[in-house]
Structures are given as structure tokens and as C-alpha cells.
Amino acid sequence: MGTFNRVHLIRQVDLLTLRLFLSAVEEKQIGLAAIRENVSASTATKRIHDLEHIAGLELLERTPRGVVPTPAGTVLARHVRKIFGSLEDIRSEIAAFTEGMQGELTVASAQSIIAPFLARELGEFGRQYPKVRLIVHEIENREIVQQVARGEAELGLFAAAHELDLTGVDVTPYRRDRIVVALPRDHRLADRLSVTFEELLPENVIAVGPMVNVFRAAARRLGREFEPGQSVRTGGVALSLVRAGLGVTAQPESLVGKEFLDGVAVVELAEPWAERKIHLATAAGRRPGPVCRALVEQLLDRPADDPS
């Protein structure tokens, strides 16, 4: 490696090379970075090698399993993210001035947030800004934060959890709701005002997707093990099974539709983790573009208990 030359770095490095370098850091393999940026592996390898030569520093450490950034590479990756963030801000803000609010906004959220809250908000936002193309990724909690940190989604909505790594995102509180227990009307616990998770463990618990991990963690804290009697993808299916007398379930209260209330009993889950705190996530240290800011402003302007 030569000596670092700031002038050479500014004059000779193009945006594609910086994009390939950043993708290699995020994908941990140059081959995967090449696929992500739609170039050949040899092109990606040469461009990253040339970048290191121009910088006069080793930026990626090659290992049998792929690549990891060196300390210098970590610093460069942080600044490259800012460069691409600024370029996107320029593009979207100029478009807002010249053509009205338009562009593309990618939002990542869990189904348990989309159905009761976000879908209505996005519908209203789409009517207000018809030139904005909204892309919604329905994924699990952990992946929401990761997509925002990687720049694959500009806005994420997720439920707070102790095990979540929030590195790379800025977080803003949005809403709260509670996890409640739904039981058949004739169940022995149906007349209670509340039940604990320990009281539910002997039951045939019908778990909805990501709630399985929540229940397993709660069981471990009690020194117990949890395996769902049945595992389903949606809250509506779980409630249908409860109404048919096949078990009990616990899920966010906002997902218990009115159509199920005649057939099931709903009681409070008396656990500190039953209060669900929903947050907004944006990329750390980066000002969101005007479209994202407009949506965030709309979301935060709605009173947390507003059912509309």
C-alpha cells in the first residue's frame, strides 16, 4: 500500500466503487456485493483493490469466510453512508421543489403494526400525496431495524424488545398497546380480570408467528420451557381456533377484531412485558428525506389513542 493521498481519493474514486465497497462491508463478501450492485465479481474485486491503492490503506481484511472492514475501512464505510444519504436527500428535496411531493418511500413494519395502525395511515398519506410510491416490507421485528440501518428501508415501525440491537438507527416513540389473552367463553379463566403467563403455560397455547419467541423468553424467566400447542401465521386464524374451543392465545389487543368478541373472552395479561411499545426507526445520524419526514409528521400528529 502507498501513502494516503486525499486529492487522489477525491479525484479518482467514483460512486460505483464506493457503493461496491459499502456493499462488501454489509454483505461480508465481495461476490455478494457484486451481485447486489449488478456487476461481475472480477469488476468488484478490481475496483475495491484500486480503492485501497488510492487510499494507501488496507480497507478490507480478507478471511476464508469473506471480508470484514479494517479500522480504516470502518471509518470509510461510515462516511460513505453519509455521502449516499446526502445524495438521496439532494434528489428527493430538489424533486419536492420542482415537481411537488413525489418519489419513493420504503417502509418496513410487522404485520401486527400494519393491520391495526399503519395501513390506515399509509392510505391517508397516499391520498394526500398521490405521486409518492409507497413500498411496504412486511417482516419480523429484528429485520425491520436491520433494513433501516442498511438503508433498505427509510422508515421502520417495530415493537420495542430488550434483545433488539438498535445500532445504526435513531428511534422515536410512536404508540402503545397491550398483549391480551383470548379464551373460549366457557374456559375456566374466562371470568378473570387478568391472568399471568405462568397460568397459561399448562394450556394449549396457540402462538402467532413472532410471539413464539416472546413466550419462550417469558417461560425461561420462570425456569420453564414453552412449546406452542399450535403455531399459526395470523392473529385472525388464532382467534378462529380459540372460538372453536381448540386453545387460548395471546396477541396485541389492537388485532382482536370486533367480529371475534362475541365468540371469545378477552382478559388482561398481567405481565410487565405485555405492554407493547411501538417505535419509529430512521437511519442513525441522517436527516430523513422530505417524503419520509412528511409521513413521520403525520404519524406523530395522530393522538396515540386515536382509533381512526
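The values are calculated or read from the model by the stated rules, or taken from the named source; none is laboratory data. Just so it is clear, the model here is predicted, and its values are computed rather than measured. All Cβ positions, glycine included, derive from the backbone under ideal geometry; neighbour counts span all protein chains shown. Accessible surface is based on the protein model in full, side chains and every heavy atom, while ligands, DNA and RNA are left aside. Shrake-Rupley method; radii C 1.70, N 1.55, O 1.52, S 1.80 Å.
Things to note:
- Of residues in segment 128-149 being modelled with pLDDT under 90 and in a helix (DSSP H, G or I), the one surrounded by the most Cβ atoms within 10 Å (Cβ to Cβ): 141
- Close pairs (6 angstrom Cβ cut-off, 6 or more residues apart or separate chains): in contact (Cβ under 8 Å) with a residue 12 or more places away in the chain in segment 240-253, polar (S, T, N, Q) and not in a helix (DSSP H, G or I) anywhere: 242/249; 247/204
- Whichever residue in segment 263-297 is within 30 Å of residue 152 (Cα to Cα) and without any contact (Cβ under 8 Å) to a residue 12 or more places away in the chain and, among such residues, is surrounded by the fewest Cβ atoms within 10 Å (Cβ to Cβ): 297
- Residues that are open to solvent by 60 Å² or more (accessible area, probe 1.4 Å) and closer than 22 Å to residue 87 by Cβ, drawn from segment 18-45: 19, 27, 36, 38
- Filter result (assigned to a loop (DSSP other than H, G, I, E, B), surrounded by fewer than 19 Cβ atoms within 10 Å (Cβ to Cβ) and touching a strand residue (DSSP E or B) at 6+ places or on another chain (Cβ under 8 Å)) within segment 245-262: 245, 246
- Looking across segment 46-63, the residues that are under 13 Å from residue 31 (Cα atoms) and either open to solvent by 10 Å² or more (accessible area, probe 1.4 Å) or hydroxyl-bearing (Ser, Thr, Tyr) (or both) come down to 46, 47, 62.
- Test: residue in segment 277-300 that is assigned to a strand (DSSP E or B), basic (Lys, Arg), touching an Asp or Glu at 6+ places or on another chain (Cβ under 6 Å) and within 18 Å of residue 140 (Cα to Cα): no
- Qualifying residue in segment 52-62 (condition: among the charged types (D, E, K, R), farther than 30 Å from residue 208 by Cα and either in contact with a His (Cβ under 9 Å, 6 or more places away or on another chain) or in a helix (DSSP H, G or I) (or both)): yes
- Residue that is of a type in the set (S, T, N, Q), closer than 30 Å to residue 82 by Cβ and out of contact with any Cys (no Cβ under 9 Å at 6 or more places or on another chain), where the choices are 298, 251, 230: 298
- Against the numbered list (1) open to solvent by less than 30 Å² (accessible area, probe 1.4 Å); (2) under 30 Å from residue 130 (Cβ atoms); (3) at pLDDT below 85, residue 108 comes up short only at (3).
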